[in-house]
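Worksheet for the structure shown next.
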Ligand code: G3H
Ligand code: 13P
Ligand code: ZN
């Protein structure tokens with residue numbers, strides 16, 4: 001198998017009626033957790049790197065880790081995606097390095113904090129689409145803003161996606177996938193109670209999908225922040241305040257209405273931190289990093305990724321299709337022969 005475009009993986013997910021988790025990678029252990037989970041559940045995967053991850057790990061280290069994943073897991077279709085690109089330059093540098101997909105998050109200005117206007121968003125997104133499609137790679141855009149107080153990828157407030165604007169945005173930019181803002185936010189502190197219909201605008205997803213039935217929708221801020229993971233952290237000296245994430249049933253409802261890519265990072269962080277805290281608390285004499293990184297990797301694999309791959313429905317679908325090389329995607333894009341051609 002090869003590194004494949006986001007477009008191919010999401011087109012296949014549409015055919016199969018399932019969602020695909022997009023999981024974050026910053027280091028070797030996280031990538032190993034994702035790839036082992038993919039092998040165990042026979043899932044196609046989207047591996048994504050934030051700008052922070054690229055800075056933390058260094059682009060070359062990160063990219064070569066991905067090449068190792070491709071070599072060691074030949075049966076798994078892997079999308080290598082730039083998450084929340086803050087400018088065309090960020091996206092282009094990822095694509096030049098070999099990423100097969102990029103998110104141009106033009107809903108915010110380059111600082112990753114200030115909400116932009118619609119015309120700015122259309123302009124920068126269209127620029128990245130032109131660059132990416134000419135290389136067979138895919139593009140995710142965002143309309144509305146995902147709330148979140150984490151640095152540089154959230155305005156702090158949520159501005160819900162307007163369905164009319166969504167139609168115009170997709171028509172004018174030609175994006176392969178669209179992140180919609182429905183009231184979720186990044187990070188662990190999303191909701192102070194279990195969210196219901198008054199908190200999560202699932203009806204917006206239904207409406208946007210009705211208007212754009214051929215556009216792959218993306219849900220950001222989709223960690224479920226499971227209580228069991230919060231409890232592990234707090235049992236071993238952590239100090240997380242009670243909090244609620246996005247219930248799996250709501251994500252599954254979204255998947256029934258066109259959500260194909262589901263972004264999850266916080267849950268992996270919680271699983272890793274809980275496992276490391278446990279070793280530190282129970283075996284304070286340990287100082288070999290492998291003694292805590294191994295359980296951390298296992299926790300991320302078992303408690304998060306495997307579970308989500310089953311929840312989202314991608315499990316069992318790794319072998320459904322042959323990879324389309326990006327060189328062939330170039331002509332697919334230019335000939336406009338894609339199945340969901342109404343993007344154009
Ligand atoms: O978009 C949010 C992800 O959780 C990535 O976070 O920018 O801290 O790496 P990060
Ligand atoms: P979480 O913080 O809910 O995991 O969201 C991650 C995300 O949307 C990354 O783009
Ligand atoms: Zn996000």
Exercise. Using only Cα atoms, find the angle between the long axis of helix 28-41 and the longest principal axis of the chain, and express it within 0 to 90 degrees, rounded to the nearest 10.
Key: 80
Quiz item: Which distance in Å, rounded to a whole number, links the C-alpha centroids of segment 1-72 and segment 204-267?
Solution: 18
Quiz item: Using Cα atoms only, what is the angle between the long axis of helix 289-299 and the major principal axis of the chain, expressed in degrees (0 to 90) to the nearest 10?
Solution: 60
Quiz item: If the viscosity is 1.567 mPa s and the temperature 4 °C, what Stokes-Einstein diffusion coefficient in µm²/s follows for the chain when Rh is the Kirkwood radius over Cα pairs?
Solution: 65
Quiz item: Any idea what the relative contact order of the chain is, in percent, if you count C-alpha pairs under 8 Å spaced at least 6 apart?
Solution: 23
Quiz item: Measuring from a point 7 Å past the Cα of residue 134 along Cα-to-C-beta, which residues in segment 76-100 have an amide N at less than 13 Å?
Solution: 92, 96
Exercise. Return the single residue from 29, 12, 228 with maximal mean-square fluctuation; model: Gaussian network over the chain, springs between Cα atoms under 10 Å.
Key: 228
Quiz item: Length gain on complete extension for the stretch residue 39 to residue 72, per 0.36 nm per residue less the alpha carbon to alpha carbon distance?
Solution: 10.8 nm
Self-check item: Rounded to 10°, Cα long-axis angle of helix 59-72 versus longest principal axis of the chain
Solution: 90
Exercise. Once you have the Cα-Cα distance between residue 117 and residue 302, take 0.36 nm times their residue separation minus that, and quote the gain in nm to one decimal.
Key: 62.5 nm
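The numbers here are math on the coordinates, done by the rules we state, and not lab data. Quantities reported herein were computed from a predicted structural model and do not represent experimental measurements. Every residue, glycine as well, gets a Cβ built from its backbone with ideal geometry; the counts of neighbours run over all protein chains shown.
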